[in-house]
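The values are calculated or read from the model by the stated rules, or taken from the named source; none is laboratory data. Everything numeric here is computed off the predicted structure, so don't read it as measured data. Cβ atoms come from the backbone with ideal geometry, glycine included; neighbour counts cover every protein chain shown. These area figures cover heavy atoms from the full protein model, side chains too; ligands, DNA and RNA do not enter into them. Shrake-Rupley method; radii C 1.70, N 1.55, O 1.52, S 1.80 Å.
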Amino acid sequence: MSYRIPLIKPYINDRVKELVSEVLDSGFLTEGPVTRRFEEAVASYTGVPHAIAFTSCTTGLETALRVARIGPGDEVIVPDYTYPATANAVKIAGAIPVIVDVNPDTLLIDYDKMEEAVSANTKAVIPVSLFGNPLDFDRLIKMKEHYGVLIIEDAACALGSSFKGRKTGGWSDMTVFSFHPRKFITTGEGGMVTTQNAQWAKAMHQYKHFGMGKVAGREEMVFQDTGSNYKMSNILAAVGLAQMEMVDDLLDERIKLAANYHQLLKGCKNIKIPETTKNGIHSYQSFAVLVPERDRVMKKMREEGIEVQIGTYALHQHPAFQQRGVRLRGQYPGSIRAWEETLVLPMYHSMTNAGQAEVVEKLTACVE
Ligand SMILES: Cc1ncc(COP(=O)(O)O)c(C=O)c1O
């Protein structure tokens, strides 16, 4: 079904087509020099020395865990309110996801609950900068120093956001982005891991190239366990590279659109906007609100031609996370409320203020 006002429109301009055509004409279609340029663009934007492209955020998360040597018997703390990929990656790496509640105001992991869940087996936490809302690194770094755990950030939605002036991608031990079309920079499917750690960067590169590395000028299978094929083709990287040339403008535009939504929603009864982390800049991959009777409101909005969507999932409610090998911790009131009430509103490059006003007008009529 096509909507009068869609949820998102990927930003595909002439520059994207030009760079993709160059790759197609070159005949070098698999991962190669354009992938390197895309990686360099993301590394430089996030202020780190290393960025490694992947087929998705999910495969990037899995590889990040593998190069940190996290596997069977190890525990990794994740939030309950997130996309399943966050916890799936832990299971794929053979480790145990330990699932904790989120803060009902920010929808980000509850830092107190996260600390309570640390055990002798905890090797890492995967907090999620959900919808582009940056994490509180004052809190996370203190925790890292106190417990000696790694921070592997699921920043699928958060390219462009920042905390205390430093971009997401530059704070965590490893930060993993997604370039799925719902994200504001997209390669169709794709992901990227950023890190300051040269050894992990090298190991990630090897793992996604079948476990291969150069020894005395020859390719050998050097990764300890195995390897996979998570390479990003030059074609997809060209799409991402062209968008990275525009990233500041695209981000400014999203921030302006979000400010306009904030203004339009001011004083609207029964509509709550999640709080942005203090000292943070939100990149608004999704503009989310919480409304009562979300499913009824969502249906009505869609009938009006406006594409709206749920936020994401409460993992503990799904059979895949109710099995041995997953640790559920306590109750999840924050996550249940987020799951039941979150509604994501349309937001895309070139969305007009009139379009936003119509979304809010219809939304308030449905809610009140
Ligand atoms: C929080 C979060 N993590 C991970 C993913 C998975 O990303 P990908 O589709 O690139 O594997 C998503 C996708 O929407 C997400 O929202």
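The table for this structure:
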| read-out | value |
| --- | --- |
| Loop-located GluC sites (Glu not before Pro) in the stretch 1-105, at most 12 other Cβ atoms within 10 Å (DSSP) | none |
| Accessible carbon and sulfur surface of the chain relative to its total accessible area, %, 1.4 Å | 51 percent |
| Linear extension gain, A120 paired with I141, 0.36 nm per residue minus alpha-carbon span | 5.7 nm |
| Scaled radius of gyration (Cα, divided by 2.2 N^0.38 Å) that the stretch 248-367 gives | 1.18 |
| Inter-label distance, nm, simple model (7 Å from Cα along the C-beta direction), N197/N353 | 4.8 nm |
| Orientation-averaged projected area, Cα convex hull of the chain (nm²) | 18.6 nm² |
| Computed label-point distance, nm, for sites I273 and R166 using a 7 Å Cα→Cβ extension | 2.8 nm |
| For the stretch 290-305 versus the stretch 132-177, the gap between their alpha-carbon centres in whole angstrom | 33 Å |
| Contour excess over end-to-end distance, with Cα ends at S26 and E340 and 0.36 nm allotted per residue | 108.1 nm |
| In the stretch 46-100, trypsin sites (Lys or Arg not before Pro) in a DSSP loop with at most 14 other beta-carbon atoms within 10 Å | R69 |
| Estimated [θ] at 222 nm from DSSP helical runs (n ≥ 4, -39500 (n - 2.57)) normalised by residues in the chain, nearest 500 | -11500 deg cm²/dmol |
| Gap separating the Cα centres of the stretch 320-339 and the stretch 36-59, nearest whole Å | 32 Å |
| Å² per residue, accessible surface of the chain at 1.4 Å | 42 Å² |
| Relative contact order [Cα under 8 Å, 6+ residues apart], the chain, whole percent | 25 percent |
| Rg ratio (alpha-carbon, reference 2.2 N^0.38 Å) - the stretch 309-368 | 1.62 |
| Binned Cα-Cα distances of the stretch 57-207, short to long, each 5 Å bin given as a whole percent | 2, 11, 21, 25, 24, 13, 5, 1, 0 |
| Lysines whose Cα lies under 30 Å from that of K299, excluding same-chain neighbours fewer than 8 positions away | K9, K183, K256, K266, K269, K272, K362 |
| Backbone HN-Hα couplings from phi across the stretch 241-256 [Karplus 6.51/-1.76/1.60, Hz, Gly and Pro as x] | 4, 4, 6, 5, 5, 10, 4, 5, 5, 5, 5, 4, 5, 5, 5, 5 |
| Theoretical FRET efficiency, 1/(1+(r/R0)^6), r = Cβ-Cβ of F210 and S2, R0 30 Å, to 0.05 | 0.15 |
| Virtual spin-label span in nm between E368 and R329, 7 Å along Cα→Cβ | 4.2 nm |
| Relative contact order, percent, the stretch 248-367 [alpha-carbon distance under 8 Å, six or more residues apart] | 38 percent |
| Anchor K231: aspartates and glutamates whose Cα lies under 18 Å away (excluding residues fewer than 8 positions away in-chain) | E31, E39, E40, E62, E189, E219, E220 |
| Highest-MSF residue in the chain out of S56, S26, S129 [GNM, Cα springs under 10 Å] | S26 |
| Under-5 Å amide H pairs with V100, H placed in peptide plane, nonlocal only | V78, D80 |
| Straight-distance crosslink candidates among aspartates and glutamates, where the alpha carbon sits under 12 Å from K144 and sequence neighbours closer than 8 are dropped | E115, D173 |
